[in-house]
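Each remark here refers to the structure printed beneath this line.
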Amino acid sequence: MRPAFKNAYFNLSGSLNPNSKIPIFFPLHAFLTLSTFQSPTFRFGSGSFRTLSPSLSLSLCSSSMASGGEAQAPTSSLSLEKQFEDFRVQLQESGSLRERIRAMAMEIESTTRLMYASLLLVHQSRPTPELLEKAKAQIGVLKELYNRLAEVLRECDGQYYRYHGDWKSETQTVVSLLAFMHWLETGSLLMHSEAEEKLGLNNSGFGLDIEDYLVGVCFMSNELPRYVVNQVTAGDYDCPRKVLKFLTDLHAAFRMLNLRNDFLRKKFDGMKYDLKRVEEVYYDVKIRGLTANGDPIGEQGTHGES
């Protein structure tokens, strides 16, 4: 059988290239199975060589690919492991830092509850100076807590807003209480710079976010309608006029801002209902003749936008 296949092989090579003296090595394994094929020997001049069998060629290629894959696999595996090890360290550090921030935020919240408990007695017509002194005693505690919070944030310089949400709500409540106390003392709005000074904050490092300040002012306005009603009940009929003047000016100032449809915008929209409630109380007092006639401040407030 072998000479017959060898003759057929050379005949096929000659038919494919009849003018060439060099035979074409047609893949004889197309006709034979790998188990029965034996590579033929060819002579050129005085030398001779034997072609590689298909099975040997495949085994050499497979060995070469396997050796190349084994060389690349350790490098790829090490780089992947190093990347995720860095991720693990970064996430662990971030989680530890966030826990420290939240712990201080809880202390701030606890302090604000004490302040709010004192200020709630204002609605019961208790002596205001005594209540304010008790609430103001907590401002020093808040200042110390914010100083500690600023020290923690120095460890992650440039990432203020990454962790801002962990103390944002507590800061808004603090601003609302400080603004309410300031209004009770002076009848005017607590400025942003004044709030920063009370809390020991500064713009360069750890400052008071503008939106937190504005939301806190909106929270403060929610307390004024209740305060007006209780003061009128206690016989202070001039209180609605003062509050109406203040809220009218504050509402007009807020309208200068181009607010988006977010939480701050919703709180600002609620301010007009606070203003409307105060207007209604002032109107009731006015028609009953309990205030001086021709009060320009009161008239200005009643024509303000609701």
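The values are calculated or read from the model by the stated rules, or taken from the named source; none is laboratory data. All values reported here derive from a predicted model rather than from experimental measurement. Please note: Cβ atoms are built from the backbone with ideal geometry, for glycine as well, and neighbour counts cover all protein chains shown. Heavy atoms of the whole protein, side chains included, go into the accessibility calculation; ligands, DNA and RNA do not. Shrake-Rupley method; radii C 1.70, N 1.55, O 1.52, S 1.80 Å.
Observations on the model:
- Accessible surface computed residue by residue for the range 69-141, with neighbouring protein chains in place and a 1.4 Å probe, gives 69 Å² per residue.
- Among the trypsin sites (Lys or Arg not before Pro) found in the range 203-252, not one is both in a DSSP coil and sparsely packed, with 16 or fewer other Cβ atoms within 10 Å of its Cβ.
- By accessible area, using a 1.4 Å probe on protein heavy atoms only, the range 126-239 has 47% of its surface on carbon and sulfur.
- Summary of the geometry: the range 120-148 and the range 237-282, compared by the centres of their Cα atoms, lie 24 Å apart.
- Kirkwood Rh in Å, taken over all unlike Cα pairs in the range 171-281: 14.5 Å
- Table column - 3J(HN,Hα) (Hz), the range 226-238, Karplus curve with 6.51, -1.76, 1.60, x for Gly and Pro: 5, 4, 4, 4, 5, 5, 5, 4, 7, x, 8, 7, 8
- Segments 227-239, 93-105, 169-181 sorted - mean Cβ within 10 Å per residue, highest first: 169-181, 227-239, 93-105
- Under-5 Å amide H pairs with G207, H placed in peptide plane, nonlocal only: N202
- Derived scalar couplings between HN and Hα for the range 257-271 equal 8, 8, 8, 7, 7, 10, 4, 4, 5, 5, 5, 5, 4, x, 5 Hz in order, rounded to whole Hz, by the Karplus curve 6.51 cos²θ - 1.76 cosθ + 1.60 (θ = phi - 60°), x for Gly and Pro.
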